[in-house]
Amino acid sequence: MEIALYEVLISMGALLSYRQDSSGFHLLRDAFRKQFNKYRNKAMFEEILAHRGIEEEGDFLPMISIEDEEEPVNGEGIPEVLPVLALKNTVLFPGIVIPITVGRNKSIKAINTAYEENRLIAVLSQKDANIEDPAAEDLYRVGSVARILKLLKMPDGTTTAILQGRTRFSMEEMLGEHPLMTARVRTLGYVQASNVLEYEALISSILDLAKDIIELSPNIPSEAAVMLRNISNHSFLLNFVSSNLNAKIQLKQQLLETDDLREKASLILQQLHAELQLLELKDQIESKVRGDIEKQQRDYFLSQQLKTIQEELGQNPQEEDLQNLVARAEKKRWGKGAADVFQRELNKIRRMNPQVAEYSIQLNYLELILDLPWDEFTKDNFNLKKVKEVLDEDHFGLEKVKERILEHLAVLKLKGDMKAPILCLVGPPGVGKTSLGKSVARALKRKFIRMSLGGLHDESEIRGHRKTYIGAMPGRILQSLKRAGSSNPVFILDEIDKVGKDFRGDPSSALLEVLDPEQNSTFYDNYLEMEYDLSKILFIATANSLSTIQPALLDRMEIIEISGYSMEEKVEIAKRHLIPEQRAEHGLEGKHVKLRPEVISRIIQSYTRESGVRALSREMAGVMRHIAKNVAMEEPYNVTVKIDDLPKILGPERYSKDMYKEEKISGVAIGLAWTSVGGEILFIECSLHKGKGHLILTGNLGDVMKESATTALSFIKAHSESMGISPDLFEQKDVHLHIPEGAIPKDGPSAGITMLTTITSAFTGRPVKPFLAMTGEITLRGRVLPVGGIKEKILAAKRAGMKDIILCRENQKHVAEINTAYIEGLQFHYVDRMEEVLEYALEG
């Protein structure tokens, strides 16, 4: 239905020389003259009109004929035989003027023949617009007889004709198709409406709907509504509206073939209703989003202006970015697969508009591909002696880990290629697991990467996000490799035992591919969408406990346990590493402070209680701060720190051995426990009071520990006579077993012999020997079973000042693995039976 004002004006101008007294002419004459005055002469106007002509196969906007009363009646003046012109994609209605550009030979001959004879030609629409040389069966049978108003020869050889529909006709017979199509035609009239009142109402409704459509359509001038109101011929009005409907060619042809004017008006009204509803919905949508669209348009126009200015200045930042990527790609060492993907994605971004959001996503993706170190490796240091020196220089102890690294390098040196091992260092906090990874990287001369997995819940942190998501990024594995710039770094996966799991996925399951030497050569990142080789990376995972690690993940790693440090090891670590580091961090030199080994030992014993050396490092920092204050204020002080100076510097002693020097009382024994921070000593107390033989357990004990207490009491009851205990006591006394520090949960079977000794001591009144600690599991048959964490437990006993330790005989092999220098002064007693424990542990 859309018709632009200039089309109306051009139509009027084309017909000026033919008739100027038709209906509606005077109404629009002034508007036409304003438009026509823009051109210097009529020839120029006709040339523009010819250029605005449309091809036979093109779409166009029909123009109104001013001669709306000129349609012949009963075929007056219409010859029986006429040349035929086939049109594509349009239907010519009586009274309507259209310009067309004729290009087909048959059509040119038909136009020229008709123009030379009587200027009348039969116009039929093609059923299929794709047919270049239509035959009779390819044309509709009903069309319009048209008068050729103007014929212009164009410089390119085509002919432009202005046609005015005159009357409808039916093709009776196609007389010839070469060299032009001619046909015998029969003119058609209209069947007038029988119910005039109903017909008038239909016409009025059509005019009202047309007016509403004109108001809602921004491309239709308001003068069009005035023009419609001034058309008095109803049949011409229907033809004019039909020609301008936004409908398919089949519907327009149906309207042309309809003889009954009432039926034709009904079809038009139905189509106008549908078009009005569409326009109203469109207007509502546009009203809602107009604000956003205006902003987007403003931004777009500004960016286009900026782009144009940059092009005028010879600048094109987008093309420069792409050229830089191409230059980097030419220097990149990578496989054919990565190169092909890069080229494909580069071709894709060249076809994109830089203003769309996907452009920046695609650009970031290309930059990631270039930033990844595909085939870039650092050269390993195969001087094994030098590697050993570096490892020993950075860390004291940790012999198992150092030996494993040297073994891997030895095989790599001999074979030339080997999949890197997946190591997992398990031990208490502060023993140097993470810093060991940095030391390994320095020894091997590789890049170092540390990724903390503590509290990680999202699987995408490992595998990355898909590019379709807003803010998508590659996984942290590839991000770390991108920063390192090498495909064979030492990669520390810190705190792997603290990986979480929730609705966003299970990161530990995603790590299964990363930490499997058989799979990680084809690691797939969701963002990269390509396989990446991780097999050359030396992964070192760290954990405090193996109990929270997924079994499948644990199976893929080589477990190396790192136990807590002994007193002697801590003294050496402080001398070699902690003191020099803290001294340098506090701006001091060697001449400013000196600490003797006995002072360091006192700090360890009285101010720390740990398996590692983190707390010791903090205490050393406290000493250095005190010395730094004296140096900065130029106050006199002793360069050599003495034991007597420690309370002044660090405050009163926090831990003391005196707490273990108890009086000889019955019902108290000392056990040994393993914790995530190392070994600890454990007091177990027992008291008897009147009752009915109940066993009371307190101290926040776990189920296994409660079962150990029950087993110990049952064993004592079964062997009471041999122990000198009256069986009646078990019915007259309640047994209360308590383990101090009740806020701390405790569990495990290793306190079994300690509970046995405590309860026996309480019933017999025989005290436990002083400075004696013990650990071991018990059974109802009286056997003592081995337990774990022996090194940590023994070191805890040594720190606490114990002198004798009772262990299961099968734990003797674990004691042999400990450096004898660290357990000097300790006496070990190995037992198989519970009777042996009681025989040695109780006095008297």
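The values are calculated or read from the model by the stated rules, or taken from the named source; none is laboratory data. The shown structure was predicted, so the numbers you read here are calculated from the model rather than taken from an experiment. Here the Cβ is made from the backbone with ideal geometry for all residues, glycine too, and neighbour counts use every protein chain on show. For the accessible areas, the whole protein counts, side chains as well, though only heavy atoms, and no ligand, DNA or RNA atoms are used. Shrake-Rupley method; radii C 1.70, N 1.55, O 1.52, S 1.80 Å.
Table for the structure above
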item	result
Neighbour net charge for Met171 - beta-carbon separation under 14 angstrom, K R +1, D E -1	-2
Tyr637 accessible area, assembled protein chains, probe 1.4 Å, Å²	60
Cα-derived Rg to Rh of segment 151-198, Kirkwood definition	1.22
Cα-based Rg / Dmax (Å) for the chain	49.7, 147
Part-to-part distance (alpha-carbon centres) for segment 261-278 and segment 125-139, which is given in Å	28
Size descriptor, Kirkwood hydrodynamic radius, that averages inverse alpha-carbon separations across segment 245-329, Å	18.0
If the convex hull is drawn through the Cα atoms of segment 215-257, its volume per residue in Å³	69
Heavy-atom accessible area ranking, 1.4 Å probe, most first, across Arg147, Arg104, Arg168	Arg147, Arg104, Arg168
CD proxy at 222 nm, helix term only [per DSSP H run n ≥ 4: -39500 (n - 2.57); per residue of the chain; nearest 500]	-13500 deg cm²/dmol
Prolate/oblate/rounded label for segment 356-508 (Cα gyration tensor, a/c 1.5)	oblate
Highest-first arrangement of 836-842, 722-728, where packing means the average Cβ count within 10 Å	836-842, 722-728
Candidate residues Glu393, Glu376: accessible-area rank, largest first, probe 1.4 Å	Glu393, Glu376
If the convex hull is drawn through the Cα atoms of segment 177-305, its volume per residue in Å³	182
Percent of alpha-carbon pairs separated by more than 15 Å within segment 412-479	70
Protection proxy ranking, peptides 736-745, 423-432, 690-699, average beta carbon neighbours within 10 Å, highest first	423-432, 736-745, 690-699
Cα-based equivalent ellipsoid of segment 565-604: semi-axis lengths in Å, sorted from largest, via gyration tensor	19, 11, 7
Percent of beta bridges antiparallel (DSSP, the chain, rounded to nearest 5)	55
Scattering curve values for segment 731-844, log₁₀ I(q)/I(0), Debye with Cα scatterers, q = 0.22 Å⁻¹	-1.38
Burial ranking of peptide ranges 81-92, 338-349 (average Cβ count within 10 Å, highest at the top)	81-92, 338-349
Filter on Lys413/Lys447; Lys570/Lys629; Lys400/Lys433; Lys648/Lys803; Lys386/Lys591; Lys402/Lys438 - keep pairs with C-alpha separation over 24 Å	Lys570/Lys629; Lys648/Lys803; Lys386/Lys591
For segment 571-595 versus segment 746-760, the gap between their alpha-carbon centres in whole angstrom	43
Length gained when the stretch Lys664-Asp133 is fully extended (0.36 nm per residue, less Cα-Cα span)	179.0 nm
Spin-label model distance (nm) - Ser714 vs Asn630, 7 Å beyond Cα toward Cβ	6.3
